[in-house]
Amino acid sequence: MDETLAKKLRILADAAKYDASCASSGAPKRSADKDGLGSTTGAGICHAYTPDGRCVSLLKILLTNWCLFDCAYCVNRRSSNVRRAKFTVEEVVRLTVEFYKRNYIEGLFLSSGIIKSPDHTMEQMNRVAKSLRRDHGFRGYIHLKTIPEASPWLIEEAGLYADRLSINVELPTEASLERLAPEKDGASIQGAMTQIGERIVEAKAERRRFAPAGQSTQVIVGADATTDEALIRKSAHLYGSVGLKRVYYSAFSPIPDGAAILPLKSPPLQREHRLYQADWLIRYYDFSPDDVADAAEDGMFALDIDPKLAWALKNRARFPVDVNRAEREMLLRVPGLGARAVDRIVQARRHTSLRLDDVARLTSGLRRARPFLIAADHTPGGLTDRLDLRARLAEPARQLSLF
(Lines give C-alpha, C1' and ligand atoms only; values in the text may rest on other atoms or scores of the structure.)
Protein backbone atom coordinates (compact mmCIF):
# COMPACT_ATOMS: atom_id res chain seq x y z
CA MET A 1 0.00 0.00 0.00
CA ASP A 2 1.44 3.39 -0.95
CA GLU A 3 2.01 6.05 1.72
CA THR A 4 -0.75 8.37 0.49
CA LEU A 5 -3.38 5.62 0.60
CA ALA A 6 -2.16 4.47 4.01
CA LYS A 7 -2.54 8.02 5.35
CA LYS A 8 -6.09 8.24 4.02
CA LEU A 9 -6.90 4.91 5.61
CA ARG A 10 -5.65 6.04 9.02
CA ILE A 11 -7.73 9.22 8.89
CA LEU A 12 -10.94 7.75 7.50
CA ALA A 13 -10.90 4.58 9.60
CA ASP A 14 -10.48 6.69 12.73
CA ALA A 15 -13.27 9.02 11.59
CA ALA A 16 -15.62 6.03 11.24
CA LYS A 17 -15.16 4.76 14.80
CA TYR A 18 -18.09 6.77 16.16
CA ASP A 19 -20.59 4.83 14.08
CA ALA A 20 -21.82 1.87 16.11
CA SER A 21 -24.24 0.35 13.63
CA CYS A 22 -21.99 -2.09 11.81
CA ALA A 23 -23.03 -5.58 12.93
CA SER A 24 -23.42 -7.97 10.02
CA SER A 25 -25.83 -10.54 11.40
CA GLY A 26 -28.84 -11.24 9.22
CA ALA A 27 -27.13 -11.52 5.85
CA PRO A 28 -28.29 -14.53 3.80
CA LYS A 29 -25.97 -17.49 3.33
CA ARG A 30 -23.95 -16.85 0.21
CA SER A 31 -20.65 -18.03 -1.32
CA ALA A 32 -18.66 -16.82 -4.28
CA ASP A 33 -18.27 -18.88 -7.44
CA LYS A 34 -14.81 -19.94 -8.66
CA ASP A 35 -14.07 -16.49 -10.14
CA GLY A 36 -15.53 -14.48 -7.26
CA LEU A 37 -14.47 -13.28 -3.85
CA GLY A 38 -15.86 -13.55 -0.33
CA SER A 39 -18.62 -15.35 1.48
CA THR A 40 -21.12 -14.80 4.24
CA THR A 41 -23.40 -16.97 6.35
CA GLY A 42 -26.87 -16.54 7.79
CA ALA A 43 -25.41 -16.08 11.26
CA GLY A 44 -23.27 -13.13 10.11
CA ILE A 45 -19.78 -12.93 8.68
CA CYS A 46 -18.13 -11.66 11.87
CA HIS A 47 -15.95 -13.92 13.96
CA ALA A 48 -15.44 -11.44 16.81
CA TYR A 49 -17.68 -8.92 18.56
CA THR A 50 -17.05 -6.28 21.17
CA PRO A 51 -18.96 -6.74 24.48
CA ASP A 52 -21.92 -4.68 23.22
CA GLY A 53 -22.24 -6.70 20.00
CA ARG A 54 -20.33 -4.45 17.59
CA CYS A 55 -18.64 -6.16 14.66
CA VAL A 56 -14.85 -5.97 14.44
CA SER A 57 -14.12 -7.86 11.23
CA LEU A 58 -15.46 -5.40 8.68
CA LEU A 59 -13.40 -2.79 6.86
CA LYS A 60 -15.12 0.17 8.49
CA ILE A 61 -14.29 3.48 6.81
CA LEU A 62 -15.69 6.75 5.54
CA LEU A 63 -15.54 7.57 1.86
CA THR A 64 -14.59 11.06 3.08
CA ASN A 65 -14.74 13.08 6.27
CA TRP A 66 -15.28 16.32 4.39
CA CYS A 67 -18.87 17.39 5.02
CA LEU A 68 -21.22 20.19 4.00
CA PHE A 69 -23.22 19.79 7.21
CA ASP A 70 -22.28 21.36 10.54
CA CYS A 71 -23.90 19.04 13.10
CA ALA A 72 -22.74 20.21 16.53
CA TYR A 73 -22.07 16.71 17.91
CA CYS A 74 -20.06 15.43 14.92
CA VAL A 75 -16.26 15.45 14.89
CA ASN A 76 -16.40 15.68 11.08
CA ARG A 77 -18.71 18.69 10.96
CA ARG A 78 -17.98 21.46 8.46
CA SER A 79 -16.44 23.79 11.07
CA SER A 80 -14.31 21.11 12.75
CA ASN A 81 -10.54 21.50 12.65
CA VAL A 82 -9.65 17.89 11.87
CA ARG A 83 -7.42 16.32 9.25
CA ARG A 84 -9.44 15.68 6.10
CA ALA A 85 -9.15 13.01 3.45
CA LYS A 86 -11.17 11.51 0.62
CA PHE A 87 -10.99 8.10 -1.02
CA THR A 88 -11.74 7.59 -4.67
CA VAL A 89 -14.21 4.85 -5.56
CA GLU A 90 -11.36 2.79 -6.97
CA GLU A 91 -9.31 3.10 -3.76
CA VAL A 92 -12.13 1.76 -1.58
CA VAL A 93 -12.68 -1.14 -3.95
CA ARG A 94 -8.95 -1.89 -4.02
CA LEU A 95 -8.65 -1.81 -0.22
CA THR A 96 -11.65 -4.08 0.25
CA VAL A 97 -10.42 -6.65 -2.26
CA GLU A 98 -6.80 -6.61 -1.04
CA PHE A 99 -7.79 -6.81 2.64
CA TYR A 100 -10.13 -9.70 1.90
CA LYS A 101 -7.42 -11.59 0.02
CA ARG A 102 -5.11 -11.13 3.04
CA ASN A 103 -7.87 -12.46 5.32
CA TYR A 104 -7.99 -9.17 7.25
CA ILE A 105 -11.71 -8.67 6.67
CA GLU A 106 -14.79 -10.38 5.36
CA GLY A 107 -16.91 -7.37 4.52
CA LEU A 108 -17.22 -3.61 4.14
CA PHE A 109 -18.99 -0.96 6.20
CA LEU A 110 -19.03 2.30 4.24
CA SER A 111 -20.28 5.68 5.41
CA SER A 112 -19.41 9.20 4.35
CA GLY A 113 -19.58 12.90 5.01
CA ILE A 114 -21.65 14.87 2.51
CA ILE A 115 -19.56 16.24 -0.38
CA LYS A 116 -20.92 18.43 -3.21
CA SER A 117 -24.47 17.15 -2.58
CA PRO A 118 -26.30 14.20 -0.98
CA ASP A 119 -26.94 12.74 -4.44
CA HIS A 120 -23.29 12.95 -5.47
CA THR A 121 -22.14 11.29 -2.26
CA MET A 122 -24.73 8.51 -2.45
CA GLU A 123 -23.83 7.89 -6.08
CA GLN A 124 -20.15 7.46 -5.15
CA MET A 125 -21.00 4.96 -2.41
CA ASN A 126 -23.24 3.01 -4.77
CA ARG A 127 -20.42 2.84 -7.31
CA VAL A 128 -18.20 1.18 -4.68
CA ALA A 129 -20.76 -1.52 -3.94
CA LYS A 130 -21.64 -1.99 -7.60
CA SER A 131 -17.98 -2.39 -8.60
CA LEU A 132 -17.31 -4.90 -5.84
CA ARG A 133 -20.31 -7.01 -6.83
CA ARG A 134 -20.09 -6.75 -10.61
CA ASP A 135 -16.41 -6.22 -11.42
CA HIS A 136 -14.87 -8.37 -8.68
CA GLY A 137 -17.60 -10.91 -7.93
CA PHE A 138 -17.44 -9.95 -4.25
CA ARG A 139 -19.97 -11.99 -2.30
CA GLY A 140 -19.05 -10.84 1.18
CA TYR A 141 -21.05 -8.54 3.41
CA ILE A 142 -21.61 -4.90 2.43
CA HIS A 143 -23.26 -2.33 4.69
CA LEU A 144 -23.95 1.12 3.24
CA LYS A 145 -24.80 4.09 5.43
CA THR A 146 -27.58 5.65 3.37
CA ILE A 147 -28.03 9.40 3.03
CA PRO A 148 -31.68 10.31 3.67
CA GLU A 149 -31.52 13.53 1.65
CA ALA A 150 -30.45 11.61 -1.48
CA SER A 151 -32.86 10.89 -4.32
CA PRO A 152 -35.14 7.88 -3.73
CA TRP A 153 -33.83 6.10 -6.84
CA LEU A 154 -30.26 6.24 -5.48
CA ILE A 155 -31.43 4.68 -2.22
CA GLU A 156 -33.21 2.03 -4.28
CA GLU A 157 -29.98 1.32 -6.16
CA ALA A 158 -28.03 0.98 -2.91
CA GLY A 159 -30.34 -1.80 -1.79
CA LEU A 160 -29.57 -3.81 -4.91
CA TYR A 161 -25.91 -4.21 -3.95
CA ALA A 162 -25.76 -3.85 -0.15
CA ASP A 163 -26.70 -6.51 2.38
CA ARG A 164 -27.79 -3.93 4.92
CA LEU A 165 -28.73 -0.26 4.68
CA SER A 166 -28.84 2.10 7.60
CA ILE A 167 -29.88 5.69 8.17
CA ASN A 168 -28.91 7.34 11.44
CA VAL A 169 -31.80 8.90 13.34
CA GLU A 170 -29.03 10.69 15.29
CA LEU A 171 -31.37 12.42 17.77
CA PRO A 172 -34.83 11.19 18.79
CA THR A 173 -36.78 14.45 18.61
CA GLU A 174 -37.30 17.11 15.97
CA ALA A 175 -36.44 19.77 18.56
CA SER A 176 -33.04 18.19 19.21
CA LEU A 177 -32.31 17.97 15.49
CA GLU A 178 -33.20 21.63 14.99
CA ARG A 179 -30.92 22.61 17.87
CA LEU A 180 -27.90 20.40 17.18
CA ALA A 181 -28.21 19.46 13.48
CA PRO A 182 -30.32 22.18 11.80
CA GLU A 183 -29.42 21.00 8.29
CA LYS A 184 -31.00 17.60 8.94
CA ASP A 185 -34.71 17.02 8.65
CA GLY A 186 -36.56 14.45 10.75
CA ALA A 187 -39.27 14.03 8.13
CA SER A 188 -36.69 13.22 5.43
CA ILE A 189 -35.03 10.66 7.70
CA GLN A 190 -38.35 9.00 8.51
CA GLY A 191 -39.40 9.08 4.86
CA ALA A 192 -36.21 7.41 3.64
CA MET A 193 -36.42 4.74 6.35
CA THR A 194 -40.04 4.07 5.40
CA GLN A 195 -39.07 3.75 1.74
CA ILE A 196 -36.34 1.22 2.57
CA GLY A 197 -38.68 -0.75 4.83
CA GLU A 198 -41.35 -0.95 2.13
CA ARG A 199 -38.86 -2.09 -0.50
CA ILE A 200 -37.49 -4.79 1.79
CA VAL A 201 -41.01 -6.16 2.36
CA GLU A 202 -41.79 -6.03 -1.36
CA ALA A 203 -38.53 -7.77 -2.28
CA LYS A 204 -39.19 -10.61 0.15
CA ALA A 205 -42.68 -11.08 -1.25
CA GLU A 206 -41.36 -11.09 -4.82
CA ARG A 207 -38.30 -13.19 -3.92
CA ARG A 208 -35.82 -10.68 -5.27
CA ARG A 209 -32.76 -9.11 -3.70
CA PHE A 210 -32.97 -5.83 -1.82
CA ALA A 211 -30.96 -5.23 1.38
CA PRO A 212 -31.57 -8.83 2.54
CA ALA A 213 -30.10 -8.14 6.00
CA GLY A 214 -32.60 -5.33 6.54
CA GLN A 215 -31.98 -1.85 7.87
CA SER A 216 -30.71 -0.45 11.14
CA THR A 217 -30.20 2.96 12.71
CA GLN A 218 -28.15 4.70 15.36
CA VAL A 219 -29.14 7.24 17.99
CA ILE A 220 -26.80 9.38 20.06
CA VAL A 221 -27.22 9.10 23.82
CA GLY A 222 -26.41 11.98 26.13
CA ALA A 223 -25.92 14.82 23.63
CA ASP A 224 -29.23 16.35 24.69
CA ALA A 225 -31.74 16.07 27.53
CA THR A 226 -33.77 13.22 25.99
CA THR A 227 -34.73 10.63 28.61
CA ASP A 228 -34.19 6.89 28.35
CA GLU A 229 -37.96 6.41 28.21
CA ALA A 230 -38.23 8.73 25.20
CA LEU A 231 -35.36 6.92 23.46
CA ILE A 232 -36.96 3.51 23.97
CA ARG A 233 -40.38 4.73 22.84
CA LYS A 234 -38.77 6.14 19.68
CA SER A 235 -37.04 2.80 19.04
CA ALA A 236 -40.27 0.86 19.58
CA HIS A 237 -42.02 3.14 17.09
CA LEU A 238 -39.29 2.54 14.49
CA TYR A 239 -39.35 -1.23 15.00
CA GLY A 240 -43.07 -1.21 14.36
CA SER A 241 -43.31 1.39 11.60
CA VAL A 242 -40.31 0.69 9.34
CA GLY A 243 -39.34 -2.85 10.33
CA LEU A 244 -35.88 -2.08 11.69
CA LYS A 245 -33.56 -4.97 12.46
CA ARG A 246 -31.82 -3.08 15.23
CA VAL A 247 -31.34 0.29 16.89
CA TYR A 248 -27.81 1.09 18.06
CA TYR A 249 -27.28 3.39 21.03
CA SER A 250 -24.04 5.36 20.91
CA ALA A 251 -22.93 7.27 24.00
CA PHE A 252 -22.03 10.85 23.14
CA SER A 253 -18.30 11.47 23.23
CA PRO A 254 -17.01 15.05 23.65
CA ILE A 255 -15.19 16.23 20.56
CA PRO A 256 -12.33 18.72 20.06
CA ASP A 257 -13.51 22.33 19.95
CA GLY A 258 -17.07 21.21 20.63
CA ALA A 259 -19.96 23.66 20.60
CA ALA A 260 -20.93 25.30 23.88
CA ILE A 261 -24.40 23.74 23.71
CA LEU A 262 -22.90 20.23 24.05
CA PRO A 263 -22.25 18.45 27.36
CA LEU A 264 -18.69 18.66 28.67
CA LYS A 265 -18.46 14.94 29.36
CA SER A 266 -19.87 11.66 28.15
CA PRO A 267 -22.85 10.00 29.86
CA PRO A 268 -22.01 6.90 31.92
CA LEU A 269 -21.36 4.06 29.50
CA GLN A 270 -23.61 1.95 31.73
CA ARG A 271 -26.50 4.09 30.49
CA GLU A 272 -25.86 2.86 26.95
CA HIS A 273 -25.80 -0.71 28.30
CA ARG A 274 -29.15 -0.26 30.07
CA LEU A 275 -30.72 1.07 26.87
CA TYR A 276 -29.61 -2.04 24.99
CA GLN A 277 -31.11 -4.21 27.74
CA ALA A 278 -34.41 -2.31 27.59
CA ASP A 279 -34.38 -2.58 23.80
CA TRP A 280 -34.03 -6.37 24.07
CA LEU A 281 -36.98 -6.53 26.46
CA ILE A 282 -39.15 -5.10 23.69
CA ARG A 283 -37.65 -7.21 20.91
CA TYR A 284 -37.33 -10.59 22.62
CA TYR A 285 -39.19 -10.59 25.95
CA ASP A 286 -42.68 -9.39 25.00
CA PHE A 287 -42.41 -6.18 27.01
CA SER A 288 -44.44 -3.25 25.70
CA PRO A 289 -43.00 0.30 25.68
CA ASP A 290 -45.24 1.07 28.64
CA ASP A 291 -43.85 -1.93 30.55
CA VAL A 292 -40.30 -0.76 29.90
CA ALA A 293 -41.20 2.80 30.89
CA ASP A 294 -42.51 1.41 34.17
CA ALA A 295 -38.97 0.22 34.94
CA ALA A 296 -37.64 3.80 34.81
CA GLU A 297 -37.58 6.51 37.45
CA ASP A 298 -38.39 9.96 36.08
CA GLY A 299 -37.77 8.61 32.61
CA MET A 300 -34.28 7.23 33.35
CA PHE A 301 -33.14 3.64 33.92
CA ALA A 302 -31.19 2.87 37.06
CA LEU A 303 -27.49 2.26 36.52
CA ASP A 304 -27.05 -0.28 39.33
CA ILE A 305 -29.77 -2.73 38.25
CA ASP A 306 -31.01 -3.83 34.83
CA PRO A 307 -34.47 -2.70 33.55
CA LYS A 308 -35.98 -6.17 33.88
CA LEU A 309 -35.07 -6.37 37.56
CA ALA A 310 -36.28 -2.80 38.07
CA TRP A 311 -39.64 -3.76 36.56
CA ALA A 312 -39.91 -6.85 38.74
CA LEU A 313 -39.14 -4.87 41.91
CA LYS A 314 -41.89 -2.41 41.01
CA ASN A 315 -44.35 -5.25 40.32
CA ARG A 316 -43.64 -7.60 43.24
CA ALA A 317 -47.34 -8.44 43.54
CA ARG A 318 -46.98 -10.53 40.36
CA PHE A 319 -44.28 -12.70 41.94
CA PRO A 320 -43.22 -15.31 42.81
CA VAL A 321 -44.20 -17.41 39.78
CA ASP A 322 -44.22 -21.19 39.63
CA VAL A 323 -41.53 -22.43 37.28
CA ASN A 324 -43.58 -25.58 36.64
CA ARG A 325 -46.89 -23.86 35.85
CA ALA A 326 -46.38 -20.25 34.80
CA GLU A 327 -47.02 -19.12 31.23
CA ARG A 328 -43.98 -18.50 29.08
CA GLU A 329 -44.84 -14.80 28.92
CA MET A 330 -44.58 -14.52 32.71
CA LEU A 331 -41.38 -16.57 32.93
CA LEU A 332 -39.80 -14.13 30.48
CA ARG A 333 -40.34 -11.41 33.09
CA VAL A 334 -38.41 -13.22 35.81
CA PRO A 335 -35.03 -11.52 36.41
CA GLY A 336 -32.13 -13.81 35.56
CA LEU A 337 -34.06 -15.93 33.05
CA GLY A 338 -33.12 -15.35 29.41
CA ALA A 339 -35.36 -16.24 26.49
CA ARG A 340 -33.40 -19.40 25.72
CA ALA A 341 -33.44 -20.48 29.36
CA VAL A 342 -37.22 -20.00 29.45
CA ASP A 343 -37.63 -22.15 26.36
CA ARG A 344 -35.48 -24.86 27.94
CA ILE A 345 -37.56 -24.68 31.13
CA VAL A 346 -40.83 -24.98 29.21
CA GLN A 347 -39.45 -27.99 27.34
CA ALA A 348 -38.02 -29.70 30.43
CA ARG A 349 -41.10 -29.33 32.63
CA ARG A 350 -43.13 -31.37 30.17
CA HIS A 351 -41.26 -34.42 31.39
CA THR A 352 -40.63 -33.73 35.09
CA SER A 353 -41.37 -31.39 37.93
CA LEU A 354 -38.44 -28.96 38.09
CA ARG A 355 -36.47 -28.44 41.28
CA LEU A 356 -34.21 -25.47 41.96
CA ASP A 357 -31.13 -27.47 40.98
CA ASP A 358 -32.78 -28.24 37.65
CA VAL A 359 -33.33 -24.53 37.03
CA ALA A 360 -29.70 -23.85 37.95
CA ARG A 361 -28.61 -26.20 35.18
CA LEU A 362 -30.76 -24.32 32.68
CA THR A 363 -29.66 -20.75 33.49
CA SER A 364 -26.65 -18.96 34.90
CA GLY A 365 -28.88 -16.27 36.42
CA LEU A 366 -30.35 -18.24 39.32
CA ARG A 367 -29.07 -15.75 41.91
CA ARG A 368 -31.36 -13.05 40.51
CA ALA A 369 -34.20 -15.43 39.70
CA ARG A 370 -34.40 -17.19 43.10
CA PRO A 371 -36.47 -14.50 44.91
CA PHE A 372 -39.05 -14.51 42.11
CA LEU A 373 -39.50 -18.25 41.53
CA ILE A 374 -41.33 -21.20 43.03
CA ALA A 375 -39.92 -24.65 42.25
CA ALA A 376 -40.85 -28.15 43.41
CA ASP A 377 -38.48 -27.84 46.38
CA HIS A 378 -38.32 -24.06 46.77
CA THR A 379 -40.50 -21.16 47.82
CA PRO A 380 -38.91 -17.76 48.39
CA GLY A 381 -40.98 -17.06 51.48
CA GLY A 382 -40.71 -13.37 52.34
CA LEU A 383 -37.62 -12.91 50.22
CA THR A 384 -39.61 -11.35 47.36
CA ASP A 385 -40.89 -8.58 49.63
CA ARG A 386 -37.65 -7.79 51.46
CA LEU A 387 -36.87 -4.08 51.56
CA ASP A 388 -33.19 -4.77 50.91
CA LEU A 389 -33.77 -7.04 47.91
CA ARG A 390 -32.60 -4.40 45.45
CA ALA A 391 -29.37 -3.90 47.36
CA ARG A 392 -28.84 -7.67 47.48
CA LEU A 393 -29.22 -8.02 43.70
CA ALA A 394 -27.62 -4.77 42.49
CA GLU A 395 -24.52 -5.14 40.35
CA PRO A 396 -21.24 -4.01 41.91
CA ALA A 397 -19.87 -0.84 40.38
CA ARG A 398 -17.16 -1.32 37.75
CA GLN A 399 -15.32 0.93 35.35
CA LEU A 400 -16.25 0.69 31.68
CA SER A 401 -14.35 2.23 28.78
CA LEU A 402 -15.79 3.63 25.56
CA PHE A 403 -13.12 2.32 23.19
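Let's see how each residue does on (1) closer than 24 Å to Gly197 by Cβ; (2) modelled with pLDDT of 95 or more:
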site: Leu59; (1), (2): no, no
site: Cys71; (1), (2): no, no
site: Glu90; (1), (2): no, yes
site: Tyr100; (1), (2): no, no
site: Ile105; (1), (2): no, no
site: Phe109; (1), (2): yes, no
site: Val128; (1), (2): yes, yes
site: Leu132; (1), (2): no, yes
site: Glu149; (1), (2): yes, no
Out of Ala230, Ala205, I need the residue that is touching a Gly at 6+ places or on another chain (Cβ under 8 Å), assigned to a helix (DSSP H, G or I), of a type in the set (A, V, I, L, M) and surrounded by fewer than 21 Cβ atoms within 10 Å (Cβ to Cβ). Which one? Ala230
Which of the numbered conditions does Leu354 fail, given that it passes all the others? Conditions: (1) assigned to a helix (DSSP H, G or I); (2) crowded, with 20+ Cβ neighbours inside 10 Å; (3) without any contact (Cβ under 8 Å) to a residue 60 or more places away in the chain. (1)
Within the set of pairs 6 or more residues apart or between chains, which connect a residue that is free of Cβ contacts under 8 Å to residues at least 24 places away in the same chain inside the range 183-194 to a residue that is of a type outside the set (A, V, I, L, M, F, W, C) with Cβ atoms less than 6 Å apart? Gly186/Glu174
Between a first residue in the range 268-291 that is under 19 Å from Pro254 (Cβ atoms) and a second residue that is among the polar types (S, T, N, Q), which pairs have beta carbons less than 8 Å apart while being 6 or more apart in sequence or on different chains? Leu269/Ser401; Glu272/Ser250
Could you please let me know if Ser131 is touching a Phe, Trp or Tyr at 6+ places or on another chain (Cβ under 9 Å) and free of Cβ contacts under 8 Å to residues at least 60 places away in the same chain? yes
Selection from the range 217-236 of residues within 22 Å of Ala310 (Cβ to Cβ) and either of a type outside the set (A, V, I, L, M, F, W, C) or touching a Leu at 6+ places or on another chain (Cβ under 9 Å) (or both) yields Val219, Val221, Gly222, Thr226, Thr227, Asp228, Glu229, Leu231, Ile232, Arg233, Lys234, Ser235
Could you identify the single residue in Ala225, Ala192, Ala150 that is crowded, with 21+ Cβ neighbours inside 10 Å, small (Gly, Ala, Ser) and assigned to a loop (DSSP other than H, G, I, E, B)? Ala150
If you go through the range 157-177, how many residues are more than 24 Å from Leu275 (Cα to Cα) and either modelled with pLDDT under 95 or buried (at least 24 other Cβ atoms within 10 Å of the Cβ) (or both)? 4
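The values are calculated or read from the model by the stated rules, or taken from the named source; none is laboratory data. Because the structure is predicted, anything quoted here is derived from the model rather than measured. Cβ sites come from the backbone with ideal geometry, for glycine too, and all protein chains shown count toward neighbours.
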